[in-house]
Amino acid sequence: MSARFPIIYVRGFAGGQGAIDAAADDPFYGLNEGSVHVRVGANGTPRFHQYEGPLIRLIKDQGYDVRIEGSQQQVLLDAEPGTLRTDSVWIYRFYDAAARTFGTPPRPYDIRSAAKGLVDFIWLVREKTLGHPPVYLVAHSMGGLICRTALQVGLKDPRMSVSKLCTIGTPHGGIDPQLGGPIGGWIINTFGPQGSRIFAPEYMREYLYPDDAPGPANGDTRRLSGAFTPDRVLSIVGTNARDYDVAAGLSSTLMGVQSDGLVAIRNAYVVGSARAYVHRSHSGRYGLVNSEEAYQNLKRFLFGTLRVEIGLQGLSFEDARVWQAEVRLAIRKLPVLIHEQTADHYCPVDLNAEAKRIPTPMSPVPLITAFLIPTAQHVARYALDLKLLSLEERGGLFGFGEHLEQIGDWQDSLIIEVQLTEAGALAHIQWEWNSTLVERPGAAELSNTLEWASGRAADGSWHPVIPLPNVAARLLGDEAALALTVTHWQ
């Protein structure tokens, strides 16, 4: 079982004074919000699915403790050092001082001040918790920038203070409209909404990085600096622009389809971090934080015992064609996909970049990073669905002579069953391609076995290879295969 450390939640951008007041009215700053809508099927039909929200799930599923007693801050101040439970949830309430509802004049906030307050809050939580452990930071939207500023500027020992950072819909690369070009950017910078120019990259570089240190390479604010490394980060990326209805849909129109309605896909991740793409919007009825998809990824990232990276190797395809892949990851018994990159959602994988191992917003390298968490049965079944798409390109123009719209060149699902020990270590993997099964993939016996002990490297990692079916190999190259890297995760 992975360690259980205190969770500190940092909410996102509220907006104007009225929105700040409303945020301060919420005892949990939105971590308690759930949802009752999901979209299913090819047309995204709304259906009822009651999800109780991440806070209740952390209490019910993970046994986490939430101390309130009138004020979480007072609970921390009154506690003796080293006495509070490690499996606890704390809300960093940085907006309270900016609210006008508590009888005192509101104080203006800024990212650097909020980050400094977070540094103090992290110290207080660690000081009062049994064993003085590091914390997990979980952040939505702007909250991720506050966390990064604390990690990169404020904390003297970020690796000792923070174990993992999960950002959900955070504009690591800023908010830059796809439509409108310079005019759209000028509108965002000049008129809001309500102070949102703090998401312009030129402003972000001022607070995200130390004053006495060089900024990020090429000015790319998606890059971390300092001791905290991207392998400790999970970036949850939203891909549903159409359901973000803020400003009567103007935001999603301005940001374009390759976004969650507010944050562009290309800006929503830390370079080098694990990424999970989910078809959710930035907030609202179909929002990221209040979604089953985000919670399932968060749970595995925080409490999983194994990290599994899945990539494509040995790719060799026709240079005259542009190759893309659609990728979906499902887990047996879950009603949602925990990772989904598709052409319908305007984010298919760029296989030409993948073949050159060039990470881009649409081509994570590796293809997927998943975290495995022990279950009571010590076994879990996954389905990795892959679909290949290609178009002929000559002289910068696409040719449609042999094209069949929305029909893939190849599609199949890799069914994987993972057997873990009681301690959460990997025992073995069984696998088979769905096209060779004679029963339903959720119940069929799988005929191929990979034993953990037979392939471990000196550092304890494991690098098994799963060959692609013959049809896919003819398209992608005879040596094309799925390459796995399995490591212990704490």
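A few comments on the model shown:
- The simple spin-label model puts a point 7 Å past each Cα toward its Cβ; for A19 and R440 those points are separated by 4.5 nm.
- Distance-filtered residues of the range 19-34 - backbone nitrogen under 18 Å, label point 7 angstrom along R285 Cα→Cβ: 33-34
- A straight line joining the Cα centroids of the range 251-271 and the range 44-93 runs 29 Å.
- Neighbours of L118 by Cβ distance under 12 Å: Lys/Arg scored +1, Asp/Glu scored -1, total +4.
- Distance between the modelled labels on I358 and K60, one decimal in nanometres: 4.7 nm (7 Å Cα→Cβ projection).
- Per-residue packing, averaged as other Cβ atoms within 10 Å, sorts the ranges 5-15, 436-446, 85-95, 404-414 into the order 5-15, 85-95, 404-414, 436-446, beginning with the highest.
- For the range 336-375: rounded, prolate or oblate by the Cα gyration tensor [a/c cutoff 1.5]: oblate
- Summing +1 for each Lys or Arg and -1 for each Asp or Glu among the other residues whose beta-carbon sits under 9 angstrom from that of G169 gives 0.
- On the beta carbon distance between E69 and S316, with R0 = 60 Å, the FRET formula returns roughly 0.45.
- Taking a ≥ b ≥ c as the square roots of the eigenvalues of the Cα gyration tensor, the range 254-377 is oblate, since a/c reaches 1.5 or more and a/b is not larger than b/c.
- In the chain, the DSSP-assigned H stretches of four residues or longer account for a calculated mean residue ellipticity at 222 nm of -5500 deg cm²/dmol, using -39500 (n - 2.57) per stretch and the full residue count as denominator.
- The range 323-353 residues near the modelled H49 label - backbone nitrogen below 13 Å, point 7 Å along Cα→Cβ: 329-340
- Span-like helix criteria (full DSSP H runs; alpha carbon extent of at least 27 Å along the helix axis; mean Kyte-Doolittle hydropathy of at least 1.6) are satisfied in the chain by no helix.
Every number in this text was worked out from the coordinates using simple rules, so none of it is lab data. All values derive from a computational prediction rather than experimental measurement. Using ideal geometry, Cβ is built from the backbone for each residue, glycine included, and neighbour counts are taken over all protein chains shown.
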